[in-house]
Amino acid sequence: MSQNQNYQTHEYDVLVIGAGGAGLRAAIEASAAGVSVALVCKSLLGKAHTVMAEGGIAAALANVDSQDNWKTHFCDTMLGGKMLNNWRMAQLHAQDAPQRVKELEHWGAVFDRTKDGKILQRAFGGHTYKRLCHVGDRTGLEMIRTLQDQGVHRGINVYMECTITKLIKDGERISGAFGYYREDGRYVLFKAKAVILATGGVGKSFSVTSNSWEYTGDGQALAYEAGADLIDMEFVQFHPTGMVWPPGVRGLLVTEGVRGEGGILRNKAGERFMFRYLPEGSKKDFAETDEEAAKWVDAAVSGQKTEARII
């Protein structure tokens with residue numbers, strides 16, 4: 001590190017901006033390659049939105065439903081995205097997910113267990129089989145804890161409460177990043193051979209959101225200002241079961257496990273209203289009445305493969 005009266009300067013092989021699951025895993029991989037790595041986070045380490053992933057991690061381990069496999073997971077993913085997905089990314093996700101879960105387990109993640117000691121898997125909305133590997137309803141927190149421990153033990157340097165405001169370019173090549181420490185406004189310059197953006201989403205663009213104050217699209221803005229093309233910006237994930245009222249719980253999530261176990265949404269009149277918003281071609285795949293929903297819930301509880309989903 002060098003320092004003058006105006007700003008600090010740090011130099012690394014790889015600079016990772018963002019310390020959620022993606023940023024931590026990228027930093028671990030870079031460090032394993034033997035290069036120097038810096039990890040920058042806008043807030044405190046451990047406060048990333050990965051901790052909000054309560055329900056679990058989808059991976060076709062087939063520990064509970066032996067007929068599950070990556071091809072079914074891939075199919076569920078494509079159908080859930082109405083075939084708008086990047087199919088290659090969906091394929092890689094389905095194929096690699098089991099190994100990533102086993103990797104987390106190897107690194108110390110404490111998953112819930114079946115009676116014979118395997119990683120327990122639960123039902124989840126949109127999944128044909130019980131596929132969610134979980135740690136109660138705090139899976140994301142356990143993931144972050146595990147990745148942080150792994151990263152710290154590798155000696156990755158972490159810069160907390162540091163906001164990056166601009167990517168530095170050398171000609172057409174990204175050569176670093178400039179920002180400031182939130183504590184006192186000190187400027188900081190990072191020089192790097194490679195920069196990885198893993199800053200999360202744009203949730204704070206919306207008035208009601210489970211996202212905390214940090215999620216203001218910094219990475220997208222940094223990339224755009226540096227000349228990158230942004231794609232698929234219309235696709236913003238909304239959690240389907242979140243609290244709006246009363247104000248004290250506005251933005252809090254209701255765990256996704258509720259839907260996996262057969263939870264039903266009703267309006268103030270007690271009506272199951274979501275069915276009427278489905279495209280005609282999809283209605284056959286969902287339960288329409290309370291009686292039909294009860295049948296599918298009973299089937300799911302008894303461990304049978306259901307032919308419809310419940311909304």
| said: Quick test for you: out of Gly303, Gly270, pick the one residue that is modelled with pLDDT under 80, over 23 Å from the mean Cα position of the chain (by Cα) and assigned to a loop (DSSP other than H, G, I, E, B). | reply: Gly303
| field | Those residues of segment 35-56 which are part of a loop (DSSP other than H, G, I, E, B) and in contact with a strand residue (DSSP E or B) (Cβ under 9 Å, 6 or more places away or on another chain), in sequence order | value | Val35, Ser36, Cys41, Lys42, Leu45, Glu54, Gly55, Gly56
| Out of the residues in segment 196-222 that are surrounded by 18 or more Cβ atoms within 10 Å (Cβ to Cβ) and within 17 Å of Phe178 (Cβ to Cβ), which is nearest to the chain's Cα centre (by Cα)? | Thr199
| If a residue has to be of a type in the set (Phe, Trp, Tyr) and either in contact with a Ser or Thr (Cβ under 6 Å, 6 or more places away or on another chain) or in the same structural domain as Phe178 (by TED's automatic domain parsing) (or both) to count, how many in segment 225-249 make the cut? | 0
| field | Which listed residue is without any contact (Cβ under 8 Å) to a residue 60 or more places away in the chain, in a loop (DSSP other than H, G, I, E, B), out of contact with any Cys (no Cβ under 8 Å at 6 or more places or on another chain) and not assigned by TED's automatic domain parsing to the domain that holds Lys283, from Lys82, Lys102 | value | Lys82
| Is at least one residue of segment 98-111 touching a helix residue (DSSP H, G or I) at 6+ places or on another chain (Cβ under 9 Å), modelled with pLDDT of 95 or more and under 28 Å from Lys283 (Cβ atoms)? | no
| said: Going by what's in this entry, would Leu61 be described as touching a helix residue (DSSP H, G or I) at 6+ places or on another chain (Cβ under 6 Å) and either closer than 22 Å to Gly126 by Cβ or in a strand (DSSP E or B) (or both)? | reply: yes
| remark: With the first residue restricted to segment 127-151 and required to be within 30 Å of Leu79 (Cβ to Cβ), and the second required to be buried (at least 23 other Cβ atoms within 10 Å of the Cβ) and of a type in the set (S, T, N, Q), Cβ contacts under 7 Å at 6 or more apart or on different chains are Lys130/Gln121; Arg131/Gln121; Leu132/Gln121; Cys133/Gln121
| task | Would you mention how many residues in segment 145-160 are surrounded by fewer than 16 Cβ atoms within 10 Å (Cβ to Cβ) and either part of a loop (DSSP other than H, G, I, E, B) or of a type in the set (Val, Ile, Thr) (or both)? | result | 3
| said: I'd like to know if segment 186-195 contains one or more residues that are of a type in the set (D, E, K, R), touching a helix residue (DSSP H, G or I) at 6+ places or on another chain (Cβ under 7 Å) and either within 30 Å of Ala33 (Cβ to Cβ) or at pLDDT 95 or above (or both). | reply: no
| field | Top-ranked residue of segment 55-77 - restricted to ones that are of a type in the set (D, E, K, R) and surrounded by 18 or more Cβ atoms within 10 Å (Cβ to Cβ), ranked as farthest from Pro98 (Cα to Cα) | value | Asp76
| note | Scanning segment 180-210 residue by residue, those part of a strand (DSSP E or B) and either among the hydroxyl-bearing types (Ser, Thr, Tyr) or in contact with a Leu (Cβ under 8 Å, 6 or more places away or on another chain) (or both) turn out to be Tyr180, Tyr181, Tyr187, Phe190, Ala192, Ala194, Val195, Ile196, Leu197
| message | Just to check your reading of the model, which residue among Thr72, Thr128, Thr139 is modelled with pLDDT under 95, over 23 Å from Leu24 (Cα atoms) and in the same structural domain as Tyr187 (by TED's automatic domain parsing)? | response | Thr128
| query | Looking only at segment 236-274, which residues are of a type in the set (Phe, Trp, Tyr) and either touching a helix residue (DSSP H, G or I) at 6+ places or on another chain (Cβ under 7 Å) or more than 28 Å from Gln121 (Cα to Cα) (or both)? | reply | Trp245, Phe273
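The values are calculated or read from the model by the stated rules, or taken from the named source; none is laboratory data. Note that this is a predicted model, so its numbers are computed, not measured. All Cβ positions, even for glycine, are placed from backbone atoms using ideal geometry, and neighbour counts span all protein chains on display.
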